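This report refers to the structure that appears directly beneath it.
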Amino acid sequence: MEPFTICNALIANEGKEFRGGVTIDAQGMIERVFHGDEYPSGCKMVDAGGAYLLPGAIDEHVHFREPGLTRKGDVESESKAAVAGGITSYMDMPNTKPATLSRAAIEARASAATGRSYANFAFHLGASSNNLDEIRNVDCTVVPAVKVFMGASTGNMQVEAEALLPIFQASPLPILTHCESDLLIGCNLDDAKQRYGDAIPFKEHAAIRSDVACLESVKTAVRLARQSHARLHIMHVSSALEAQYLEELKGQGEERVSAETCPHYFTFSANDYKHFGGKIKCNPSIKYREDREAIVRGLAEGLFATIGSDHAPHLLEEKAAPYASCPSGIPSVQYALVATMELVAKKKLSATDVARLYAHAPADLYGVEKRGYIREGFYADLVLLQKYRRAQRNDAAIGKCGWSPYEELSFHYKVKSTFVNGELVWEAGRGIVGAPRGMALRFKRER
């Protein structure tokens, strides 16, 4: 590739904002980061036009539906949506069909993504009640983490209670948990059926998959992590109760437990079920206004280490079904970064906070090699974000399912350009540019 320089950018990186640019070499690496107008001569120039330049987002939490559910999405279609949203690397979840429970399954998925993915990729290993040897012998250089469904899952991905501690003890990698109590959810669902019969309104989802159901499971996960000395990362925290508990853990100096939240939890609330219905049904549920406000405060106060999109596409006709048969999940990877930047527009976060939550922190947590920062010698995974004078709707959803509730919202930022490994892969007004450039992520860390 031809070396080039991005100039006239507002760089947000490692806690600092400054005017400057970066030079990318012929291998797609960042050769130089400079301040002001000290542009190198004799190099192709890309004028950022004053747009924010951030490290490309690393989305630790997507469900691209391949293998097994490719009518909803696949590596190619969903990675296009990712780069359209400024996501340059993703980590795909293991609850596929069949589930990703072995080294062979990881290798098969990586092989299938090679040459088809527009963003860099990795695949989490799933935990089940009978794959302890696979967890113990996982290749830590290619797998980011082990995902444990501690309740509210399907098939053989749900782990029996007696198998949890051995998994926590065996994993050499961070453990990611989906924390909800099936027992409490079942009781809440029975109560809703008694009151509404088969016509349960979607607004009841917040009460059925309640904050208490989440908190009880989170506390179990923390207890197991302390007992086993495991590195625990709690996924998709959705409630004020959980945020309060995270604050308590922070006050206790707990360093081996961290948490993620997702844009839908600080964008929507239970009030929005009236308009969106099943389109915003997800697990854990979108809860109440006070929960949304607590998530925003938690982001500002450092209670959350990371943000993940939890991109989970379903067909519109599936989401139009009644509550009991409507699948849970929101297609969101294309809008997650701009939804997070909306907190910058509202002065709830800074652009450097966004870079930390969506790039630096996941790179550090998983030990991603040479990505997640705008640094000399790192891969040139970059995103330019242009601010609108007034909030506007962004581009239509380009994932395979062809819709997202975020399409109906207005944002103050849009993705102007996305670069993966130094190559332009998305440009506003042009769309996808060129061939897939994604590489397999590599990891280097200690437990």
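The values are calculated or read from the model by the stated rules, or taken from the named source; none is laboratory data. Since we're looking at a predicted model, the values are computed, not measured. Cβ: placed from backbone, ideal geometry, glycine included. Neighbour counts: every protein chain shown.
The residues listed here are SER89, SER117, SER111, SER79; of these, the one that is under 22 Å from CYS262 (Cβ atoms) and either in a helix (DSSP H, G or I) or of a type in the set (A, V, I, L, M) (or both) is SER79.
Here's a check for you: in segment 418-435, which residue that is free of Cβ contacts under 8 Å to residues at least 60 places away in the same chain and not aliphatic (A, V, I, L, M) is farthest from ALA345 (Cα to Cα)? So that I can check it myself, show each step before the final result.
Here is the first cut: in segment 418-435, the residues free of Cβ contacts under 8 Å to residues at least 60 places away in the same chain are 424, 427-430, 433-435.
Right, trim to not aliphatic (A, V, I, L, M) and you get 427, 429-430, 434.
Numbers: GLU427: 22, GLY429: 23, ARG430: 25, GLY434: 32 Å.
Checking each candidate, the answer is GLY434.
If I filter segment 350-359 for residues that are among the aromatic types (Phe, Trp, Tyr) and assigned by TED's automatic domain parsing to the domain that holds LEU10, do I get at least one hit? Checked segment 350-359: no residue is among the aromatic types (Phe, Trp, Tyr) and assigned by TED's automatic domain parsing to the domain that holds LEU10. Taking segment 425-442 as the range and being crowded, with 19+ Cβ neighbours inside 10 Å and in a strand (DSSP E or B) as the test, the residues that pass are VAL425, TRP426. Of all residue pairs spaced 6 or more apart or on separate chains, those with beta-carbon atoms under 8 Å, a first member in segment 96-116 that is under 19 Å from ASN130 (Cβ atoms) and a second member that is surrounded by 18 or more Cβ atoms within 10 Å (Cβ to Cβ) and among the charged types (D, E, K, R) are THR96/ARG65; THR96/GLU66; THR96/ARG109; THR100/ARG109; LEU101/GLU134; SER102/GLU134; ARG103/GLU134. Scan segment 340-366 for residues that are surrounded by fewer than 20 Cβ atoms within 10 Å (Cβ to Cβ), outside any helix (DSSP H, G or I) and either in contact with a helix residue (DSSP H, G or I) (Cβ under 9 Å, 6 or more places away or on another chain) or in contact (Cβ under 8 Å) with a residue 12 or more places away in the chain (or both) and the total you get is 3.
Take the conditions assigned to a loop (DSSP other than H, G, I, E, B) and at pLDDT 95 or above and apply them to GLY298. Does it pass? It is false that GLY298 is assigned to a loop (DSSP other than H, G, I, E, B) and at pLDDT 95 or above. Among residues that are buried (at least 24 other Cβ atoms within 10 Å of the Cβ), of a type in the set (A, V, I, L, M) and either part of a strand (DSSP E or B) or touching a Ser or Thr at 6+ places or on another chain (Cβ under 9 Å) (or both), LEU337 is included. Is it fair to say ALA145 is within 28 Å of LEU382 (Cα to Cα), buried (at least 18 other Cβ atoms within 10 Å of the Cβ), touching a Phe, Trp or Tyr at 6+ places or on another chain (Cβ under 6 Å) and hydrophobic (A, V, I, L, M, F, W, C)? Criteria not met by ALA145.
This table checks each residue for (1) of a type in the set (Val, Ile, Thr); (2) buried (at least 20 other Cβ atoms within 10 Å of the Cβ); (3) not in a helix (DSSP H, G or I).
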{"position": "PRO166", "(1), (2), (3)": "no, no, no"}
{"position": "LEU176", "(1), (2), (3)": "no, yes, yes"}
{"position": "LEU189", "(1), (2), (3)": "no, no, no"}
{"position": "LYS193", "(1), (2), (3)": "no, no, no"}
{"position": "ALA199", "(1), (2), (3)": "no, no, yes"}
{"position": "LYS203", "(1), (2), (3)": "no, no, no"}
{"position": "CYS214", "(1), (2), (3)": "no, yes, no"}
{"position": "ALA221", "(1), (2), (3)": "no, yes, no"}
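When segment 223-271 is filtered for residues that are crowded, with 16+ Cβ neighbours inside 10 Å, of a type in the set (S, T, N, Q) and out of contact with any His (no Cβ under 6 Å at 6 or more places or on another chain), the ones remaining, listed by number, are SER228, SER238, SER239, THR261, THR267, SER269.
For every residue, the table says whether it meets (1) among the acidic types (Asp, Glu); (2) crowded, with 22+ Cβ neighbours inside 10 Å.
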| residue | (1), (2) |
| --- | --- |
| LYS72 | no, yes |
| SER102 | no, no |
| THR114 | no, no |
| PHE123 | no, yes |
| ASP133 | yes, no |
| ASN137 | no, no |
| THR141 | no, no |
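Taking each residue of segment 264-283 that is aliphatic (A, V, I, L, M) and looking for partners that are not in a helix (DSSP H, G or I) with beta-carbon atoms closer than 9 Å, six or more apart or interchain, yields ALA270/SER285; ALA270/ILE286; ALA270/LYS287; ALA270/TYR288; ILE280/PHE268; ILE280/ILE286; ILE280/ILE330.
A single entry from PHE149, PHE121 fulfils the requirement of being under 16 Å from the mean Cα position of the chain (by Cα) and on the phi < 0 side of the Ramachandran plot: PHE121. Filtering segment 367-396 to residues that are of a type outside the set (D, E, K, R) and outside any strand (DSSP E or B) leaves GLY367, GLY372, TYR373, ILE374, GLY377, PHE378, ALA380, ASN394, ALA396.
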